[in-house]
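Right, one structure below, let's go through it.
The values are calculated or read from the model by the stated rules, or taken from the named source; none is laboratory data. Computed from a predicted model, the values in this text were never measured in an experiment. Methodologically, a virtual Cβ is constructed for each residue, glycine included, from the backbone with ideal geometry; neighbour enumeration extends over all protein chains shown. Remember, those area values only see protein heavy atoms, side chains included, never the ligands or the DNA or RNA. Shrake-Rupley method; radii C 1.70, N 1.55, O 1.52, S 1.80 Å.
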Amino acid sequence: MIKQLFSILFWGLFPLISFCQGTSSLSGKVKAGKNINVPGATIHLLNTSLSAITDSTGSFMFEKILPGHYTLLISSIGYATESEEIDIKENTPNHIDIVLRYASLNMDEVVVTAQKKEELLQKIPISITSLSTRQLKEYRIWHNNELTGIIPNFYSANSGDDRNVTSIRGITTTSYDPAVATYIDGVNQFGLDTYIANLVDAERIEVLRGPQGSLYG
């Protein structure tokens, strides 16, 4: 009885602890060069649901952010996507100024979810290839089997009826128990009877060639 009562009291304290934890705000300004404000830029805090769009002066604001280390992803039409890291301090107004560079002069920062969280591709120590929406349009990729000529150690085809057969590093699906897992919007496509849709509205394609079996099965 004492153990049960202690458990109830212990779990009952969690909302109170969370409520008492201080939050902070984050403001900033997005520019291109020294005096060019960038309105309509999108700022996203990775691994959160928080996003903001800059106003006519290039300014943005986040409120009620828990303290911690965050990565901001900043994107705008005509500019290369940038990332900035920031430490949010408790009960302290935080400010950051961001400078975007033109897309014709710089490459975009690439965000992937290979380890089931949003991370920058350059900071992940695994073998992975990622293609963005812009790259898919530039390469004119409409079907997954057309990725064979772009992604190394990857082969994809169909058996004549548009079913998906994929091979990575020579490991190929030869039965109804697929050796290569395919996920669409986080949902596993379980067998050869799965028909992969056209890549018209694809936001991103990630091909994982490392030991991700422990995460995805």
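Taking a point 7 Å out from the Cα of Ser25 in the direction of its Cβ, the residues of the stretch 84-127 whose backbone N falls within less than 15 Å of it are 89-96. Within the straight-line cut-off of under 27 Å between alpha carbons, the lysines reachable from Lys116 are Lys64, Lys89, Lys137, sequence neighbours fewer than 8 places apart in one chain being disregarded.
Out of the total accessible area of the stretch 120-161 (probe 1.4 Å, heavy atoms of protein only), what percent is carbon and sulfur?
On the way: 1340 of 2670 Å².
On the stretch 120-161, the fraction of accessible area on carbon and sulfur atoms equals 50 percent.
Kirkwood hydrodynamic radius, computed over distinct alpha-carbon pairs, for the stretch 69-151: how many Å, to one decimal? Write down the numbers at each step before the final one.
On the way: mean 1/r = 0.0658 Å⁻¹.
Evaluated on the stretch 69-151, it is 15.2 Å.
In the stretch 25-93, taking the dipole from charged Cβ atoms about the Cα centre, the farthest positive-side position among His44, Phe62, Gly78 is held by Gly78. Near the amide H of Phe62, within less than 5 Å, lie the amide hydrogens of Leu26, Ser27, all on another chain or at least 5 residues away, with H placed in the peptide plane.
Ordered by packing density, taken as the mean number of other Cβ atoms within 10 Å over each peptide's residues, highest first, how do 90-102, 23-35 rank?
For the peptides 90-102, 23-35, the packing ranking is 23-35, 90-102.
Using a simple spin-label model with pseudo-atoms 7 Å out from Cα toward Cβ, Asn37 and Tyr102 lie 2.2 nm apart.
Annotation: amide H-H contacts under 5 Å for His143 (H modelled 1.01 Å from N, sequence separation of 5 or more, or interchain): Leu199.
Within a straight-line Cα-Cα reach of under 20 Å, Lys29 can be paired with the following aspartates and glutamates, leaving aside sequence neighbours fewer than 8 residues apart in one chain: Asp55, Glu63, Glu82, Glu84, Glu85, Asp87, Asp97, Asp108, Glu109.
Between Ile53 and Asn153, the FRET efficiency from the beta-carbon distance, with R0 = 35 Å, is close to 0.35. For the stretch 17-122, the mean projected area of the C-alpha convex hull, equal to one quarter of the hull surface, is 7.4 nm².
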